[in-house]
Amino acid sequence: MIIETNQACDLVIFGAKGDLSKRKLLPALYKLEKSNRMHKNTRIIGAGRADWNIPEYIKIAKTAIENFLNEKIDSVIWKKFSSRLNFCNIDVYEKLHFIRLQKILDQKKNTIIYYCAMPPHTLNSIFIGLKNANLNPQSSRIILEKPLGSCLKTSKIINNQISQYFSESQIFRIDHYLGKEAILNLLALRFANSFFFHCWNNNVIDHIQITVSEEVGIEGRWSYFDTTGQMKDMVQNHLLQILAIITMEQPKNLTAKNVQNEKLKILRSLKTINEKNISTHTVRGQYSEGYIKGKNVPSYLKEEGANQNSQTETFVAIKVNIENKKWFGVPFYLRTGKRLRYKYSEIVVVFKKIPVNLFKNSNLREFQNKLIIRLEPNENIKIDFLNKMPGLNSEYKLENSQFESNYFSKKNSKNLIDAYERLLLESMRGKQSLFVSREEIEESWKWIDPIINAWKKTKNSNIQLYQSGTWGPENSNLLLFNDNRVWYEFN
Ligand code: BG6
């Protein structure tokens, strides 16, 4: 019997009606129940403008879990889980509504955790409402979703606002990619293996590609997505976090502060992209109609609620340089988009060519070893290498082979945990090491803002259309082709 949180919590979900709560948070909490990780007195309180009573909320939660969790609900576990659910009808702009929450919360016995699954412009009303109702004791915690703000300025405003009512040790800024098993494994791969540890620099590595491709479109989130775009939705947070983790120096230890500080140093070293180099360093696209897994899907402009003049990007490819000694001269190619051919995330580390070719009849001059880290799906690690073709030939003939790690084998795959499950548990434990610091977020915006501004100003801001179900616009290939490189093919 595992009960991992020794402290009972009252978890309040602001935005209970929203997509995130239904798609991710409730299923993750149900799974925590199933694995017996939650304290017996922990409660989950949905909060929002809906006029639901508790039985109605329980019913809605059940439907959401059934829809978004790929498994049948167990009646015994459901009974236990549903008894934790409560609902508070609250409009965050109405000061007096917070009294309703005050009446539900058990401040004496439980640690209160607020999960703000709400748009950035509503956050200050939540902070103030909680403060006015004395619901922000030092023991309480608050989780903020990404994107935090929409540029450096608005992000700073939110951070300054929250700092008036909550201290840094109470604030958990979430980037759910940091809760993914394969991302956590990057630390082990890099810092527990001498082989990788010693060759992780510009003497040995030619370049690194990071792809986070999605099959989904915007899933009924037009109003959110169209004012955000793929750059702010995915690059500002998830891709920059992956980049920072694979390039940072070894932290002194694994505490939140030390890991965050090493990532911060990388974010501070990113070479600025602005009007001068925007056209050689970025590509953006928007999906048109096409086919995904044989199914016809509409263009971005035909999605529900679409504005026909939208120039919002659903695809981005960027060439990034890190201006420090370790990575000088190594380009990092990042790409991410919606409605691409498959959903997968992968990091490909491409090693430098061998300078002199000993094997005259081989393709060695073209060959580069690759370390392929599949983050999702089917998490895996592979190494591409050459070996001698067996046989009695008098000449050496070489052939391509792959080493494949069995780390994420069937044995381990049953231990794969959803990112939200892990991060919710970490917040209940009060541990911040898998969360992002204020400085990291502000530094990311500092780098993103000039790109977005340059897109607005330059002629290159015209979006290239790409057919749904492909790998994005043709210019994404040119970005690498101009450097004599190609995107590694998904297989
Ligand atoms: C979210 C974005 O942060 O990440 C979504 O807002 C995106 O637009 C999602 O689809 C992708 O997450 P995952 O875990 O499915 O790769």
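If you scan segment 352-389, which residues turn out to be out of contact with any helix residue (DSSP H, G or I) (no Cβ under 6 Å at 6 or more places or on another chain), under 30 Å from Gly179 (Cβ atoms) and not aliphatic (A, V, I, L, M)? Can you show your working first?
The first filter runs over segment 352-389 and keeps only residues out of contact with any helix residue (DSSP H, G or I) (no Cβ under 6 Å at 6 or more places or on another chain), leaving 352-374, 376-378, 380-389.
Subsequent filtering for residues that are under 30 Å from Gly179 (Cβ atoms) retains 370-374, 376-378, 380-384.
Hits for segment 352-389 are Lys370, Arg374, Glu376, Pro377, Asn378, Asn380, Lys382, Asp384.
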Query raised in the report: Would segment 117-132 turn up any residue that is open to solvent by less than 40 Å² (accessible area, probe 1.4 Å), in contact with a Gly (Cβ under 8 Å, 6 or more places away or on another chain) and within 16 Å of the ligand (Cβ to nearest atom)?
Result: yes
Query - Tally, over segment 200-228, of residues that are in contact with a strand residue (DSSP E or B) (Cβ under 8 Å, 6 or more places away or on another chain) and either within 8 Å of the ligand (Cβ to nearest atom) or at positive phi (or both) - result: 2
Requested in this report: Count, please, the residues in segment 31-53 that happen to be β-branched (Val, Ile, Thr) and either in a loop (DSSP other than H, G, I, E, B) or more than 29 Å from the chain's Cα centre (by Cα) (or both).
Outcome: 1
Query raised in the report: Residues in segment 314-359 that are open to solvent by less than 10 Å² (accessible area, probe 1.4 Å) and either closer than 17 Å to Ile463 by Cα or among the aliphatic types (A, V, I, L, M) (or both): how many?
Result: 17
**Report entry** Matching option when the condition is at pLDDT 95 or above and part of a strand (DSSP E or B), among Gln260, Gln286
**Finding:** Gln286
Report task. Starting from segment 372-400, take each residue that is under 13 Å from Ile347 (Cα atoms) and at pLDDT 90 or above and list its partners that are outside any strand (DSSP E or B) and basic (Lys, Arg), counting only C-beta distances under 8 angstrom and pairs at least six apart or across chains. Result -> Leu375/Lys180
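Hey, among Lys79, Lys62, Lys40, which residue is surrounded by 15 or more Cβ atoms within 10 Å (Cβ to Cβ) and either of a type outside the set (A, V, I, L, M, F, W, C) or touching a residue at least 60 places away in the same chain (Cβ under 8 Å) (or both)?
Details: Lys79 fails: surrounded by 15 or more Cβ atoms within 10 Å (Cβ to Cβ); Lys40 fails: surrounded by 15 or more Cβ atoms within 10 Å (Cβ to Cβ).
Just a single option satisfies the conditions, and that option is Lys62.
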**Report entry** Pick from segment 185-199, criterion out of contact with any helix residue (DSSP H, G or I) (no Cβ under 8 Å at 6 or more places or on another chain) and among the aliphatic types (A, V, I, L, M), ranking: nearest to the ligand (Cβ to nearest atom)
**Finding:** Ala188
Report summary line: Matching residues in segment 153-210 (open to solvent by less than 10 Å² (accessible area, probe 1.4 Å) and part of a strand (DSSP E or B)) number 8
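The values are calculated or read from the model by the stated rules, or taken from the named source; none is laboratory data. Note that the structure is a prediction, hence the values are computed from the model and not measured. Positions of Cβ are backbone-derived with ideal geometry, glycine not excepted, and every protein chain shown enters the neighbour counts. These area figures cover heavy atoms from the full protein model, side chains too; ligands, DNA and RNA do not enter into them. Shrake-Rupley method; radii C 1.70, N 1.55, O 1.52, S 1.80 Å.
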